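Data first, discussion second: the structure below is written as structure tokens.
The values are calculated or read from the model by the stated rules, or taken from the named source; none is laboratory data. Source: prediction; values computed, not measured. Cβ coordinates were reconstructed from backbone atoms using ideal geometry, including for glycine residues, and neighbour counts include every protein chain displayed. In case anyone asks, the SASA skips ligands and DNA or RNA and just uses the protein heavy atoms, side chains included. Shrake-Rupley method; radii C 1.70, N 1.55, O 1.52, S 1.80 Å.
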Amino acid sequence: DVKHRTFDGMIITGAPVEQMPFEEVEYWDELCEIMEWTKTHVHSTFHICWGAQAALHYYYGLDKQILSKKLFGVFKHKKFVKFDPILKGTDQEFYIPHSRHTTVLTEDIMGVEDLLILAGSDEVGASVVRSNDGRRIFLMGHMEYDKDTLAKEYFRDLDKGLPIEEPQNYFRDAEKTKIVPNWYSVANLIYSNWLNYYVYQVTPYEIKGLDK
């Protein structure tokens with residue numbers, strides 16, 4: 001319905017299929033078609049978690065790696081650049097939730113000339129990445145998570161009898177009821193900065209109805 005239209009920005013979210021090879025995901029071909037379409041029809045695309053890994057694989061041929069255990073919790077990140085518009089206003093260190101079994105190795109990302117790692121840590125690896133032109137943003141974590149999203153995932157898996165460890169740096173009491181969401185402000189900043197600096201201010205446009 002919209003393939004002939006053009007868009008300022010687009011978000012491709014994650015999916016619980018990260019442990020499957022990309023090509024075995026039943027909608028992989030359709031997703032590749034969409035990602036190819038964004039090259040000419042979307043000015044800047046924001047890829048989240050598995051969506052980021054999928055895009056790094058499609059555009060740059062990078063493979064994801066299975067982690068020895070699930071990266072699950074809220075983790076501290078450091079800026080790796082002095083300044084970038086998407087990180088404007090963020091502290092030198094900030095927190096982002098993660099919930100994933102796979103990663104794209106930092107050294108693989110660093111080997112791609114078109115990619116710049118903006119933030120991450122030894123614990124989570126590269127976490128905020130962009131293409132040189134800013135038309136592709138890759139976020140390995142889940143800044144969009146609500147306060148209780150990780151708790152719901154944790155207790156859901158416990159109820160199913162699945163092997164799951166308590167999310168790190170998350171519950172503030174032994175009863176696992178107190179949660180302090182310390183990622184809301186950076187989440188709002190990064191999404192607002194993306195919309196402002198990589199979408200709104202740089203998207204080509206025409207003002208129709210005015211004389212040239």
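Label reach from Asn196 (point 7 Å along Cα→C-beta): in the stretch 55-97, amide nitrogens under 15 Å belong to 84-91. Averaged per residue, the chain has 57 square angstrom of accessible surface, using a 1.4 angstrom probe with ligands and nucleic acids left out.
With the dipole of the chain worked out from charges on the C-beta (+1 for Lys and Arg, -1 for Asp and Glu) around the Cα centre, which of Phe171, Tyr58, Gly161 lies farthest toward the positive end? Projecting each Cα onto the dipole axis, the largest value belongs to Phe171. For Gln168, the residues 5 or more places off, or on other chains, whose built amide H falls under 5 Å of its own are Phe72, Gly73, Val74.
Estimated at 0.36 nm per residue, the fully extended path between Lys82 and His4 surpasses their Cα-Cα distance by 24.2 nm. Averaged over residues, the count of other Cβ atoms within 10 Å places the peptides 172-184, 118-130, 66-78 in the sequence 118-130, 66-78, 172-184, highest first. When the listed pairs Lys70/Lys152; Lys78/Lys178; Lys147/Lys178; Lys64/Lys147; Lys147/Lys176; Lys39/Lys79 are checked against a 18 Å cut-off, the alpha-carbon distance exceeds it for Lys78/Lys178; Lys64/Lys147; Lys39/Lys79. Other residues with beta-carbon under 12 Å from the beta-carbon of His142 carry, at +1 per Lys or Arg and -1 per Asp or Glu, a net charge of -2.
When a 1.4 Å probe is rolled over the protein heavy atoms, the share of accessible surface on the stretch 134-199 that falls to carbon and sulfur comes to 51 percent.
Placing unit charges on the Cβ atoms only, positive for Lys and Arg and negative for Asp and Glu, gives the stretch 113-212 a dipole magnitude near 360 debye about its Cα centre. Phi angles of the stretch 9-15 translate, via the Karplus equation with coefficients 6.51, -1.76, 1.60 and θ = phi - 60°, into HN-Hα couplings of x, 8, 10, 10, 8, x, 7 Hz per residue; Gly and Pro are given as x. Computed over the chain, the per-residue total of -39500 (n - 2.57) for DSSP H runs of n ≥ 4 gives a 222 nm mean residue ellipticity of -7000 deg cm²/dmol, rounded to 500.
When only the Cβ of Lys, Arg, Asp and Glu is charged (+1, +1, -1, -1), the dipole of the stretch 42-183 relative to its Cα centre reaches about 220 debye. Considered as an equivalent ellipsoid built on the Cα gyration tensor, the stretch 84-208 has semi-axes of 31, 18, 13 Å, the largest given first.
When the Cα positions of Asn188, Leu105, Phe75 are compared along the charge dipole of the chain, Asn188 comes out farthest toward the positive end, with charges on each C-beta of Lys, Arg, Asp and Glu. Once you reduce the stretch 19-37 and the stretch 50-88 to the center of their Cα atoms, the two points are 19 Å from each other.
Pairwise Cα distances in the chain exceed 20 Å in 60 percent of cases.
For His47, nonlocal amide neighbours, meaning residues 5 or more places apart or on other chains whose placed amide H falls under 5 Å from its own, are Ile12, Ile137, Phe138, Leu139. Summing Lys and Arg as +1 and Asp and Glu as -1 over all other residues whose Cβ lies under 10 Å from the Cβ of Ala54 gives a net charge of 0. Each label was represented as a point 7 Å from its Cα along the Cα-to-Cβ direction; for Trp37 and Asp91 these points are 4.1 nm apart. The stretch between Asp146 and Ala15, if pulled fully straight at 0.36 nm per residue, gains 45.5 nm over its current Cα-Cα span.
The residues neighbouring Lys64, those whose beta-carbon lies less than 10 Å from its own, together hold a net charge of -2 under the Lys/Arg +1, Asp/Glu -1 convention.
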